[in-house]
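Have a look at the structure below before the remarks.
The values are calculated or read from the model by the stated rules, or taken from the named source; none is laboratory data. Note that the structure is a prediction, hence the values are computed from the model and not measured. Cβ placement follows ideal geometry from the backbone for every residue including glycine, while neighbour counts extend to all protein chains displayed. Note: areas computed on protein heavy atoms with side chains; ligands, DNA, RNA excluded. Shrake-Rupley method; radii C 1.70, N 1.55, O 1.52, S 1.80 Å.
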Amino acid sequence: MVAGAVPDASGRALLLSLRRMNRIRAISPGDNALVAEAGVILSHVHEAAAAAGLRFPLSLGAKGSATIGGLISTNAGGTQVLRFGPMRALLLGIEAVLPDGTIFEGLSPLRKDNRGYDLRQLFCGAEGTLGVVTAATLRLVPALRQRVVAWVGLDSPQAALDLLRRLDQRLGESVEAFELVPLVALQLVLHHIPGTRAPLAADCPWQVLVECGSSVDGEDLATRLAAALATEMQAGRVVDAVIASSEAQANALWHVRENISEAERHDGMAAKHDISVPVSDMPRFVIEAAAAVEARFPGVRAIAFGHLGDGNVHFNVRAPIGLDSRDWLACEGEGITAFVDDLVVAAGGSLSAEHGIGQIKAAEFVRISDPARLAMVRAIKQAIDPLGIMNPGKVLPLASGPAIP
Ligand code: MLT
Ligand code: ZN
């Protein structure tokens, strides 16, 4: 997404694969924890946890190929961030090799550790710029016993957020995902992805995928969600809703959501932004930022979809109809991105909610970050990797600027 794992153009970069460090070293039900090496594939962690009656609650579309080391180095999010947080929140310990060859051994599954700075977290989201993560201790939770997926039609992003907050109250902490899908995104999926069907009969302008989960048997989550949605419909706050009645239907709903990006790609290139603002402000941002971009760059089409519950949407701007999107992006992309990022800064947000900085966003990160943040980032990099040998040009740009081959 941001060329974080792409070497620079110098031809002098060494690429390191940890795929063969693929052992699950230990699983400790007493600690609700598992120790995995960096090359272990995420779905193998899921299987190992399930075999012990537990669950590792981080999942994403690429779970069959994504490795633990990469998921840590990118502080991966995924589909259950709403309830369990991103990788950062699930990281109990870390083992890493520092740039001078020293091994930092921090795998102990401590729940409380107040020895000053939280060193393990430095490596999470660092994109390999501080050292090489070789193993990690991951937090596990009780296995999932019930899962319910629904698709809901609404009038506005604010109605979506209001629904989330009411579901929080009625269903306790069981809401695991709350994904915003504007009608135009759904239409792109239906048009470009074979075998997909509209989840609702009505063409609601805003739709959400809701997933709830519970580790408790017996409390019928589907019934409770259905009752909550019925109340919302009677009150006129929800236009339409459907609850998946089988695993296959639930997966079909997720298939629609997970293919938005792919469908958009089929439609042409876009100026892409993976942004976050405070959750409460996202409904306003989605509407106002789209209007502002479309007014400033006539003909462009803004689309915002994704992790509303996390205050993170993919705010993509597509070419005016009839233009070659590649040429248009080469001409206008930078200006549009600067415009969007300035709106994000004004809202107290971040230009990268989940995809990272890599090379592609490094210059923009420097442009819009406040001096105190940048000074700390530079000081940490200088202190741990004074020779600048670890994934150079990522997060902080090289003095000569990005050099993507
Ligand atoms: C998603 O949430 O669908 C992805 O993070 C967006 C993307 O691939 O651009
Ligand atoms: Zn996303």
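Some points to look at:
- Three principal axis extents describe the C-alpha atoms of the range 226-272; from largest down they are 41, 26, 13 Å.
- Relative contact order %, the chain, counting alpha carbon pairs below 8 Å whose residues are six or more apart: 18 percent
- Cut-off 11 Å between beta-carbons: net charge of the residues surrounding H46, Lys and Arg +1, Asp and Glu -1: +1
- Rg/Rh for the range 301-393, where both radii come from Cα atoms and Rh is the Kirkwood radius: 1.04
- Net charge in the neighbourhood of I357 (other residues with Cβ under 11 Å of its Cβ; Lys, Arg +1, Asp, Glu -1) is -1.
- Look at where the Cα atoms of the range 320-378 and of the range 169-215 average out, and the two centres are 28 Å apart.
- Computed as a quarter of the hull surface, the mean projected area of the alpha carbon convex hull for the range 243-353 stands at 7.7 nm².
- Summed side-chain charge close to V210 - residues other than V210 whose Cβ falls under 10 Å, Lys, Arg +1, Asp, Glu -1: -3
- In the context of the full set of protein chains, the chain has a per residue accessible area of 47 Å² (1.4 Å probe).
- Rh by Kirkwood over Cα pairs, then Stokes-Einstein D for the chain at 1.567 mPa s and 4 °C, µm²/s: 57 µm²/s
- Value at 222 nm in deg cm²/dmol, rounded to 500, when DSSP H runs of n ≥ 4 in the chain each add -39,500 (n - 2.57): -10500 deg cm²/dmol
- According to the Kirkwood relation over distinct C-alpha pairs, the hydrodynamic radius of the range 138-284 is 16.2 Å.
- Evaluated at q = 0.09, 0.14, 0.15, 0.20 Å⁻¹, a Debye calculation over the C-alpha positions of the range 82-198 (equal weights, vacuum) places log10 I(q)/I(0) at -0.46, -0.84, -0.88, -1.05.
- Pairs of Cα atoms farther than 17 Å apart, the range 204-296, %: 69 percent
- Per-residue packing, averaged as other Cβ atoms within 10 Å, sorts the ranges 207-217, 321-331 into the order 207-217, 321-331, beginning with the highest.
- Note on the range 83-131: Cα Rg divided by 2.2 N^0.38 Å, N the number of residues, gives 1.18.
- Average projection, convex hull of the Cα set of the range 172-225: 5.0 square nanometres.
- Residue pairs, from the table K63/K272; K361/K381; K63/K381; K63/K394; K112/K272, whose Cα atoms sit over 27 Å apart: K63/K381; K112/K272
- Structural descriptor for the range 210-349: relative contact order 24 percent, calculated from alpha carbon pairs under 8 angstrom and at least 6 residues apart.
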